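The values are calculated or read from the model by the stated rules, or taken from the named source; none is laboratory data. All of these numbers come straight from a predicted model, not from anything done at the bench. SASA here: full protein model, heavy atoms, side chains in, ligands and nucleic acids out. Shrake-Rupley method; radii C 1.70, N 1.55, O 1.52, S 1.80 Å.
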Amino acid sequence: MKNTLNLLEKVISFLLENKIKHNHTKFSSGIVILDVWYNEKFYVFHFESNHIGISEVDNNVAFAFKLIINLSQFTMYVSLNPIH
(Lines give C-alpha, C1' and ligand atoms only; values in the text may rest on other atoms or scores of the structure.)
Protein backbone atom coordinates (compact mmCIF):
# COMPACT_ATOMS: atom_id res chain seq x y z
CA MET A 1 0.00 0.00 0.00
CA LYS A 2 2.90 2.35 0.70
CA ASN A 3 3.95 2.47 -2.97
CA THR A 4 0.44 3.27 -4.20
CA LEU A 5 0.04 5.93 -1.49
CA ASN A 6 3.39 7.47 -2.51
CA LEU A 7 2.13 7.56 -6.08
CA LEU A 8 -1.17 9.07 -4.92
CA GLU A 9 0.73 11.89 -3.20
CA LYS A 10 2.68 12.57 -6.41
CA VAL A 11 -0.50 12.61 -8.49
CA ILE A 12 -2.20 15.02 -6.07
CA SER A 13 0.88 17.27 -6.09
CA PHE A 14 0.80 17.31 -9.89
CA LEU A 15 -2.89 18.20 -9.90
CA LEU A 16 -2.37 21.02 -7.39
CA GLU A 17 0.63 22.44 -9.28
CA ASN A 18 -1.34 22.45 -12.53
CA LYS A 19 -4.55 23.75 -10.91
CA ILE A 20 -6.57 20.76 -12.11
CA LYS A 21 -9.86 20.28 -10.28
CA HIS A 22 -9.84 17.15 -8.12
CA ASN A 23 -11.14 15.64 -4.90
CA HIS A 24 -10.03 12.57 -2.98
CA THR A 25 -11.73 10.42 -0.37
CA LYS A 26 -9.93 8.03 1.97
CA PHE A 27 -11.94 5.09 3.31
CA SER A 28 -11.31 3.15 6.51
CA SER A 29 -10.46 0.10 4.37
CA GLY A 30 -7.40 1.95 3.08
CA ILE A 31 -8.87 2.49 -0.39
CA VAL A 32 -8.55 6.00 -1.79
CA ILE A 33 -10.78 7.37 -4.55
CA LEU A 34 -9.43 10.32 -6.52
CA ASP A 35 -11.85 12.22 -8.76
CA VAL A 36 -10.34 14.44 -11.47
CA TRP A 37 -12.14 16.84 -13.81
CA TYR A 38 -10.16 17.93 -16.87
CA ASN A 39 -11.09 19.09 -20.39
CA GLU A 40 -14.77 18.23 -19.98
CA LYS A 41 -13.85 14.71 -18.88
CA PHE A 42 -14.24 13.05 -15.52
CA TYR A 43 -11.66 10.53 -14.31
CA VAL A 44 -11.88 8.32 -11.23
CA PHE A 45 -8.68 6.78 -9.85
CA HIS A 46 -9.12 3.91 -7.39
CA PHE A 47 -6.00 3.28 -5.29
CA GLU A 48 -5.75 -0.04 -3.43
CA SER A 49 -2.84 -1.85 -1.83
CA ASN A 50 -1.98 -3.98 -4.85
CA HIS A 51 -3.48 -2.17 -7.83
CA ILE A 52 -4.84 1.07 -9.22
CA GLY A 53 -8.00 1.35 -11.28
CA ILE A 54 -8.82 4.19 -13.67
CA SER A 55 -12.26 5.02 -15.01
CA GLU A 56 -13.06 7.70 -17.58
CA VAL A 57 -16.43 9.29 -18.20
CA ASP A 58 -17.06 11.80 -21.01
CA ASN A 59 -19.72 12.69 -23.59
CA ASN A 60 -18.77 9.80 -25.88
CA VAL A 61 -18.05 7.06 -23.37
CA ALA A 62 -20.51 6.33 -20.62
CA PHE A 63 -18.03 4.28 -18.59
CA ALA A 64 -14.62 2.80 -19.25
CA PHE A 65 -12.47 1.04 -16.66
CA LYS A 66 -8.79 0.12 -16.81
CA LEU A 67 -7.27 -2.01 -14.08
CA ILE A 68 -3.61 -1.27 -13.43
CA ILE A 69 -1.82 -4.14 -11.70
CA ASN A 70 1.52 -2.48 -10.95
CA LEU A 71 3.12 0.94 -10.78
CA SER A 72 5.08 0.50 -14.02
CA GLN A 73 1.85 -0.23 -15.85
CA PHE A 74 0.24 2.84 -14.24
CA THR A 75 3.15 5.05 -15.34
CA MET A 76 2.89 3.69 -18.88
CA TYR A 77 -0.88 4.26 -18.97
CA VAL A 78 -0.55 7.87 -17.80
CA SER A 79 2.27 8.62 -20.23
CA LEU A 80 0.24 7.22 -23.14
CA ASN A 81 -2.92 9.05 -22.04
CA PRO A 82 -1.66 12.47 -20.92
CA ILE A 83 -4.05 15.00 -19.46
CA HIS A 84 -2.07 17.98 -20.79
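Values computed for the structure shown
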read-out: Quotient of Cα Rg and 2.2 N^0.38 Å for region 1-55, N being how many residues it contains; value: 1.08
read-out: Heavy-atom SASA rank of Val36, Val57 (probe 1.4 Å, accessible area, largest first); value: Val57, Val36
